[in-house]
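*Asks:* Following this message is one structure expressed as structure tokens.
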Amino acid sequence: MFDLSYSFLMPPTVLIVLCLVAALIALALPRTGIGLMLGSGILLYLSALPAVSGYLMRRIQTDVPAAPERGAAQAIVVLGGDVYAGNGRDVPDTLAPLSLQRVVYAARLYRLVGLPVAVTGGPVGGSGVSSAALMRQTLTEDFGVPVAWSEEQSRTTYENALFTARLLKPANIGTVFVVTQAWHMPRAMWSVEHVGLRAVPWPTPPVAERPTIATDFLPSPSAFGQTFLALHEILGLAYYRLRY
């Protein structure tokens with residue numbers, strides 16, 4: 001799950017706020033305000049470059065493992081992600097792309113190993129239905145994959161791990177495949193192992209390494225989003241290690 005509240009204060013999004021603050025400061029202190037605005041603008045530009053976002057993503061991703069052996073784990077845990085919130089009437093809540101990608105890879109893993117599946121995640125972004133419930137519905141109805149456990153209260157990646165461990169430990173399950181995006185895997189694995197389970201990564205495909213090209217130094221909205229995700233994970237893991 002996406003854990004840190006006040007995401008507008010996370011880099012690089014906070015740089016947009018700093019630009020606005022700098023403009024106000026410039027009314028009273030022109031040199032200070034202009035300097036702050038220029039610095040924030042440069043950092044914003046760098047944050048939107050594919051060369052920068054690709055580098056950050058590759059730094060935090062774990063290696064995609066080979067096809068696992070049947071005895072490598074005892075269950076499959078799918079972490080909740082994003083949700084498109086409906087209006088509570090004629091437009092239902094549905095899984096958004098990140099969650100749906102996790103579900104697809106969980107279904108593929110289930111076909112390989114045949115292990116029981118746990119889904120975890122509470123409501124997201126104002127949704128009325130939990131991400132776990134939506135993943136369970138999609139897995140069972142669209143992929144024919146049974147779901148043995150559904151944890152629907154967690155709000156963060158750490159709570160995903162903690163609350164799921166409480167469901168699995170009574171069943172004597174100590175080792176699990178963890179299904180999430182490659183860039184989210186380091187924090188997810190840390191959380192799962194910190195609550196007493198052994199984590200075997202099963203990430204979705206990582207951002208591939210490729211030669212740098214000229215357009216990698218032109219700003220891109222998708223690159224800005226990737227930079228946000230990468231910095232969110234780096235800071236989030238540091239925060240977890242300090243808090244937990």
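Derivation of every value follows stated rules applied to the coordinates shown; laboratory data play no part. Quick caveat, the model's predicted, so the values are computed rather than measured. We place every Cβ from the backbone using ideal geometry, glycine too, and count neighbours over all the protein chains shown.
*Asks:* Show that you can apply the helix-only estimate: for the chain, add -39,500 (n - 2.57) for every DSSP H stretch of four or more residues, divide by all residues, and state [θ] at 222 nm to the nearest 500.
*Replies:* Mean residue ellipticity, 222 nm, calculated: -16000 deg cm²/dmol.
*Asks:* Can you give me the Rg/Rh ratio for the stretch 114-244, using Cα atoms for both radii and the Kirkwood formula for Rh?
*Replies:* A ratio of 1.02.
*Asks:* Hey, another quick one. How would you order 166-173, 18-25 from highest to lowest mean count of nearby Cβ atoms within 10 Å?
*Replies:* Highest-to-lowest ranking by the protection proxy: 18-25, 166-173.
*Asks:* Taking amide H positions as placed in the peptide plane 1.01 Å from N, state which residues far from residue 117 in sequence (5 or more) or on other chains have amide H under 5 Å from it.
*Replies:* 76, 148, 149
*Asks:* With r defined as the distance between the Cβ atoms of residue 238 and residue 94 and R0 fixed at 45 Å, what FRET efficiency is calculated, to the nearest 0.05?
*Replies:* Calculated value: 0.85.
*Asks:* Can I get the semi-axes of the chain's equivalent ellipsoid? Compute them from the C-alpha gyration tensor as square roots of 5 times the eigenvalues, in angstrom, largest first.
*Replies:* That gives 36, 20, 17 Å for the three semi-axes.
*Asks:* Another question about this same structure. Neighbour counts of other C-beta atoms within 10 Å: give me 183, 190, 202 arranged from fewest to most.
*Replies:* Fewest-to-most ranking of 183, 190, 202: 190, 183, 202.
*Asks:* Further, regarding this structure: Could you work out the relative contact order of the stretch 70-203? I mean the mean sequence separation of Cα pairs under 8 Å and 6+ apart, divided by the number of residues, in percent.
*Replies:* Contact order relative to length: 27 percent.
*Asks:* Right, next: For residue 153, project a label point 7 Å along Cα to C-beta. Then give me every residue of the stretch 161-185 with its amide nitrogen under 19 Å of that point.
*Replies:* Output list for this probe position: 161-171.
*Asks:* If we count other beta carbons within 10 Å of each Cβ, what is the order of 113, 119, 176, fewest first?
*Replies:* 113, 176, 119
*Asks:* Right, something else. Can you give the local net charge around residue 134? Use residues other than it whose beta-carbon is closer than 15 angstrom to its beta-carbon, Lys and Arg +1, Asp and Glu -1.
*Replies:* Residues close to residue 134 contribute a combined charge of -4.
*Asks:* Here's a follow-up. Once you treat every alpha carbon in the stretch 39-123 as an equal point and sum by Debye, what is log10 I(q)/I(0) at q = 0.12, 0.25 Å⁻¹?
*Replies:* -0.61, -1.17
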